[in-house]
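Shown next, in structure tokens, is the structure this report addresses.
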Amino acid sequence: MGQAVKERSAESSGHTFVPKHQIRETFSRAMSDMYKKEVPLYGELLDIVRDINREHLEAHPDLEEEVGSLDRVSEERHGAIRLGKPEELATMSRLFGVMGMVPVGYYDLSVANLPVHSTAFRPVEEDELAKNPFRVFTSLLRTDLLDDETRQQAIDSLADREIFTPGAIELININERQGGLTADQADAFIREALETFRWHSEARVPLDQYEKFLKSSGLVADIASFKGPHINHLTPRVLDIQKLHRRMQDMGIETIPEVQGPPSGWPILLQQTSFRALVEKTHFPDDKGGYVEGRHRARFGEIEQRHTALKPEGMAIYDRLIAKAKQYGNDLKKEGEEVYRKEYPGMLAELFEKEFPAKTNDELRRQDLGYFVYEKTKKGQQHPEAIQAEQNGQSNHQLMETLIRKGLVKATPVTYEDFLPVSAAGIFKSNLDEKSGLIESGEASDRALLEEALGDTVADYHDLYRRQEEQSIRSIL
């Protein structure tokens with residue numbers, strides 16, 4: 001296809017480029033279709049999610065203004081991939097750039113005994129998020145956290161791995177050179193890019209090497225043993241995750257022990273659950289030029305419910321309570337998984353009831369713990385002088401509260417578009433092979449190392465949310 005692409009590129013000057021959000025939306029749908037074929041249970045999950053979302057919007061019709069239509073919510077996805085080499089991350093950043101997605105947030109999963117750190121590629125502008133908020137949680141293997149033998153074996157296995165097709169590289173270059181892609185080029189890009197995320201049942205390493213990787217860490221085995229970063233999960237957004245978790249269990253679907261994130265009833269941040277990773281037939285090369293059959297467990301069905309983004313003060317309280325809950329949870333696990341499944345959710349809710357200071361969006365806003373966007377009500381539009389009269393030296397937060405009380409302004413919570421490292425680690429660990437090992441515990445955060453691999457800095461999501469809130473306030477004042 002190379003020459004054809006070059007010809008189209010040469011002829012494209014003056015042609016209309018496909019908007020990035022349109023490429024992003026088409027790619028997200030194509031990825032979803034591919035994953036449904038590879039993991040049929042995922043297709044069933046999408047049907048359950050859509051049914052619950054329909055039921056929830058019918059019961060709460062006012063919610064549609066905040067979250068969007070049934071179609072809009074049901075189309076939302078985030079994916080997750082794991083990369084092995086710094087140069088893979090650098091090129092992946094360029095690939096996502098074609099779709100208007102940039103790296104946001106730094107997540108250190110070594111605190112949960114996993115040898116990776118991560119960022120999330122997503123759109124950042126409010127109008128782009130509204131059009132399509134597709135995001136991909138992208139992890140990079142940290143060979144510096146592995147023992148000497150495993151480190152060298154992983155480096156050797158990944159040394160000559162190429163995860164991008166020549167066509168995808170060519171189209172990324174064309175996009176950067178001409179500032180966009182034409183319709184034909186965008187279609188070709190989506191076809192070529194999908195190949196990077198496709199599942200390959202043939203491993204790159206022999207079975208004994210795979211088992212050595214697995215003993216060190218299930219993530220090392222998943223990253224260093226295969227031809228590419230097969231999509232690990234493709235997550236839809238649900239509006240009642242507790243109902244979904246129960247319905248999956250009632251249908252006999254094996255779920256992780258508990259919903260990850262804040263307890264039910266707190267409209268903050270992000271909640272996630274999943275069905276357990278599937279055991280998939282895998283073929284490992286032998287020394288006779290053939291293959292021996294084995295198995296691999298890595299790909300699972302995750303679902304998420306997104307809530308209000310917390311400010312640093314609110315996030316600090318949340319992190320402290322989750323750390324305390326995990327300590328209690330570890331004690332419960334010693335009594336068996338059934339005891340843990342039964343008692344952990346109630347314990348978590350009780351902890352938040354006692355120590356988290358806000359349980360509604362109104363309380364989060366009044367205590368300045370969450371991010372909100374503000375707009376004039378009909379009354380505020382009709383009486384701008386009333387808004388001006390209140391601008392008497394109050395802080396912006398105090399002023400907005402005054403204007404809300406007087407019916408001049410209304411507030412809408414900013415949706416948390418990002419991730420939680422403890423929840424991500426919990427999902428990953430719950431879906432590892434039972435034979436999987438873990439690296440030694442310890443905090444080894446190295447944002448500079450990730451950014452060096454990216455060739456770029458990662459955006460701070462607090463800066464993005466703060467800017468969104470401040471812009472809405474400026475539009476009123």
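Once C-alpha pairs closer than 8 Å and six or more residues apart are averaged by separation and normalised to the residue number of the chain, the relative contact order reads 20 percent. Normalising the average separation of contacting C-alpha pairs (under 8 angstrom, six or more residues apart) by the number of residues puts the relative contact order of region 272-355 at 22 percent. Straightening the chain between Ser69 and Ile155 buys 26.3 nm, computed as 0.36 nm per residue apart minus the Cα-Cα spacing.
Distance between the pseudo-spin-label points of Thr360 and Lys36 (7 Å out from Cα toward the beta carbon): 4.0 nm. Here r is the Cβ-Cβ distance between Glu452 and Val292 and R0 is 41 Å; the resulting FRET efficiency, rounded to 0.05, is 0.60. Accessible surface calculations at 1.4 Å, restricted to protein heavy atoms, place the chain at 44 Å² per residue. By accessible area, using a 1.4 Å probe on protein heavy atoms only, the chain has 47% of its surface on carbon and sulfur.
Farthest towards the positive end of the charge dipole of the chain, among the residues Leu83, Ser423, Val49, is the Cα of Val49, using unit charges on the Cβ of Lys, Arg, Asp and Glu. For Lys406, the aspartates and glutamates whose Cα falls under 17 Å of its own Cα, not counting residues fewer than eight places away in the same chain, are Asp362, Glu375, Glu385, Glu390. Projecting label points 7 angstrom from Cα along Cα→Cβ for Asp463 and Asp144 puts them 2.2 nm apart.
In this structure, the amide hydrogen of Thr255, modeled 1.01 Å from its nitrogen in the peptide plane, lies closer than 5 angstrom to those of Arg276, counting only residues at least 5 positions away or on a different chain. Across region 167-241, Cα-Cα pairs farther apart than 22 Å form 49% of the total. Put a dot 7 Å past the Cα of Ser395, heading toward its Cβ, do the same for Asn330, and the two dots end up 3.6 nm apart. Counted by Cβ distance under 11 Å from Asn396, the other residues give a net charge of -3, where Lys and Arg count +1 and Asp and Glu count -1. Listed cross-link partners Lys311/Lys333; Lys85/Lys227; Lys20/Lys410; Lys37/Lys281; Lys20/Lys311 are compared with a 20 Å cut-off, the Cα-Cα value being larger for Lys311/Lys333; Lys20/Lys410; Lys20/Lys311.
Considering only beta bridges that DSSP places wholly inside region 1-158, some 65 percent are antiparallel. What's the angle, to the nearest 10 degrees (0 to 90), between helix 166-178's Cα axis and the longest principal axis of the chain? The two axes meet at around 40 degrees. Think of region 322-408 as having a plus end and a minus end, set by charges on the Cβ of Lys, Arg, Asp and Glu; of Gln381, Ala323, Ile404, Gln381 sits farthest toward the positive end of this dipole.
At q = 0.11, 0.12, 0.19 Å⁻¹ the log10 of I(q)/I(0) for region 18-175 amounts to -0.57, -0.67, -1.29, computed by Debye summation with a single uniform scatterer per C-alpha, solvent ignored. In whole Å, how far is the Cα centre of region 167-193 from that of region 20-35? Using only Cα atoms, the two centres lie 14 Å from each other. With the Kirkwood sum run over all distinct C-alpha pairs, region 13-85 has a hydrodynamic radius of 14.7 Å.
For the chain, find the longest principal axis of its Cα atoms and tell me its angle to the long axis of helix 148-158, 0 to 90°, nearest 10. Value to nearest ten degrees: 90. Diffusion of region 111-247 by Stokes-Einstein, at 10 °C in a medium of 1.306 mPa s and with Rh set to the Kirkwood radius over alpha-carbon pairs, works out to 89 µm²/s. Angle of helix 20-38 to the longest C-alpha principal axis of the chain, folded into 0 to 90 degrees and rounded to 10: 50°. Compared with the alpha-carbon gap, the fully stretched path from Glu202 to Asp319 is longer by 38.1 nm at 0.36 nm per residue. Binning the C-alpha pair distances of region 22-62 at 5 Å intervals from 0 yields a P(r) profile of 5, 22, 17, 18, 18, 14, 6, 0 %, listed from the shortest bin outward. Scoring 218-224, 189-195 by mean Cβ neighbours within 10 Å over their residues and listing the highest first yields 218-224, 189-195.
Working from Cα pairs under 8 Å separated by at least six residues, relative contact order for region 212-300 is 21 percent. Remark on Thr235: its backbone amide H falls under 5 Å from those of His78, Gly79, a criterion applied only to residues 5 or more positions apart or on other chains, H modelled at 1.01 Å from N. Compactness of the chain is given as radius of gyration and Dmax, 23.5, 84 Å, from Cα positions.
The values are calculated or read from the model by the stated rules, or taken from the named source; none is laboratory data. Source: prediction; values computed, not measured. When we count neighbours, we look across all protein chains shown, and the Cβ atoms used for this are built from the backbone with ideal geometry, even at glycine. Surface areas here come from the heavy atoms of the whole protein model, side chains and all, with no ligands, DNA or RNA. Shrake-Rupley method; radii C 1.70, N 1.55, O 1.52, S 1.80 Å.
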